[in-house]
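Only the coordinates and a few stated rules stand behind these numbers; no lab work does. Every value quoted in this text rests on a predicted model; they were computed, and no experiment measured them. A quick note on method: Cβ atoms are made from the backbone with ideal geometry, for glycine too, and the neighbour counts reach across all protein chains shown.
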Amino acid sequence: MAEINLEHRQRILAGMAKAIADKGYAEITIADIVREAKVSRRTFYEHFANQSECLFALHDIGCAEVQQVLRVTFNQHVDWVTQVESAMRAYFTYLMQDLVMLRTIIVEIHKLGYEGLAARRRSIRSFALLIQTAVKLRAEHNPKAWMSDDLATAAVGGIYEMILNEIEQKQEAQLMRLCEPACQIILALTRECI
């Protein structure tokens with residue numbers, strides 16, 4: 001088996017993101033991706049079986065990066081309101097830095113049908129677990145304190161839908177205005193958990 005060239009893989013993923021930005025996932029071809037990545041078709045197929053596999057990889061990387069931003073911003077040494085506000089500011093700041101990745105995570109993944117919806121559910125579940133972990137760490141002094149899966153999923157799903165609405169309205173540049181309502185969602189749903 002040939003050694004995987006990580007630089008080529010990164011270039012392909014960047015080429016996919018650029019092609020999506022230019023045309024949208026439904027309109028792109030492998031030729032568009034490799035042209036943007038400046039690699040051969042053969043190199044593409046050494047890394048991905050098809051363009052949907054490449055989109056899944058791009059989606060998963062984007063979600064992992066956003067989750068890492070949230071992990072480092074949740075700080076149990078400050079009060080819960082400050083912790084949530086800091087995390088949401090960091091979250092929306094990060095999303096606004098790469099609007100192509102944002103669109104890939106929120107919109108383009110849906111173009112993959114049921115598999116895309118499953119990827120969306122996995123990412124929502126991962127973000128919900130992050131919130132549940134933050135609540136649990138915050139409430140260590142109260143062993144009965146917890147946040148249900150349903151509440152955590154509702155928090156993440158609500159924020160996700162607000163972001164999707166901004167994208168559909170072509171208001172991505174105004175995304176930071178969602179920081180306050182996102183904080184309100186999380187604070188309202190965790191009020192009884194902390």
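Think of each Lys and Arg Cβ as +1 and each Asp and Glu Cβ as -1; about the Cα centre, that makes the dipole of the chain roughly 180 debye. Per residue, the average separation of C-alpha pairs within less than 8 Å and at least 6 apart gives the range 1-48 a relative contact order of 44 percent. On a 0 to 90° scale, report how tilted helix 6-23 is relative to the longest principal axis of the chain, with both axes built from alpha carbons and the result rounded to the nearest 10. Relative to the chain, helix 6-23 is tipped by roughly 90 degrees.
Here the calculated FRET efficiency for S40 and A173, from their Cβ-Cβ distance with R0 = 45 Å, stands at 0.80, rounded to the nearest 0.05. For the chain, the relative contact order is 20 percent, taking Cα pairs closer than 8 Å that sit 6 or more residues apart in sequence and dividing their mean separation by the residue count.
Roughly what percent of Cα-Cα pairs across the chain reach past 26 Å? Here the tail beyond 26 Å accounts for 38 percent of pairs.
Measure up K23/K111; K111/K136; K23/K170 against 25 Å on the Cα-Cα distance and list the ones that go over. Listed pairs above 25 Å: K111/K136. The Cα-based radius of gyration and maximum Cα-Cα distance (Dmax) for the range 79-153 are 15.0, 45 Å. Relative to the longest principal axis of the Cα atoms of the chain, the long axis of helix 113-138 lies at roughly 30 degrees. Shape class for the range 1-48: prolate, because the ratio a/c of the largest to smallest gyration tensor axis (alpha-carbon atoms, square roots of eigenvalues) is 1.5 or more and a/b beats b/c.
Within the range 13-109, the trypsin sites (Lys or Arg not before Pro) that combine a DSSP coil assignment with at most 16 other C-beta atoms in a 10 angstrom radius are K38.
What's the longest piece of the chain with no exposed GluC sites (Glu not before Pro), counting a site as exposed if DSSP puts it in a loop and it has at most 11 other beta carbons within 10 Å? Answer - 4-139. A simple charge model with +1 on the Cβ of Lys and Arg, -1 on the Cβ of Asp and Glu and nothing else charged puts the dipole of the range 1-48 at about 80 debye relative to its Cα centre.
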